[in-house]
Amino acid sequence: QVQLVESGGGLVQAGGSLRLSCAASGRTFSTYTMVWFRQAPGKEREFVAAIEWSGNTYYTDSVKGRFTISRDNAKNTVYLQMNSLKPEDTAVYCCAATDRAYYSRNYYYYSYWGQGTQVTVSS
């Protein structure tokens, strides 16, 4: 079993930055593919970014150049650095994990989920 706990959300003005963290339990964190999804009110869950165990990273087009996903295997933590935030980035952000080597943009691919953290960007 893997437990995921997110932190770092909050209220920020447009153009500001936040860093989300997702702390994972388990001894095999370094072999997991980790992702961030987000869900805004009235909208479907949306893939944001992924980092495979190899270190390869992937992003949805709307956040490329603004968000950076990274991981610290010694701390069992994955991060999402969010810069130049926009009001349309407002959502609940959840991290998720799979023990598969490659990522997917489909949420049902992931076995483990955190509870989510709210990000609100004011205009």
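Counting every C-alpha pair in the chain, the share spaced more than 16 angstrom apart comes to 56%. Relative contact order of segment 21-123: 32 percent, from C-alpha pairs under 8 Å at least 6 residues apart in sequence. Modelled spin labels at Ser54 and Lys86, positioned 7 Å past Cα toward Cβ, are 3.0 nm from each other.
What a 1.4 Å probe finds exposed on segment 60-113 is 45% carbon and sulfur by accessible area, rounded to a whole percent. Once the chain from Asp72 to Gln118 is taken as fully extended at 0.36 nm per residue, the excess over their C-alpha distance is 14.3 nm.
The values are calculated or read from the model by the stated rules, or taken from the named source; none is laboratory data. Only a predicted model underlies this, so the values are computations on that prediction, with no experimental measurement involved. Cβ atoms come from the backbone with ideal geometry, glycine included; neighbour counts cover every protein chain shown. Ligands, DNA and RNA are excluded from the accessible area calculation, which covers all protein heavy atoms including side chains. Shrake-Rupley method; radii C 1.70, N 1.55, O 1.52, S 1.80 Å.
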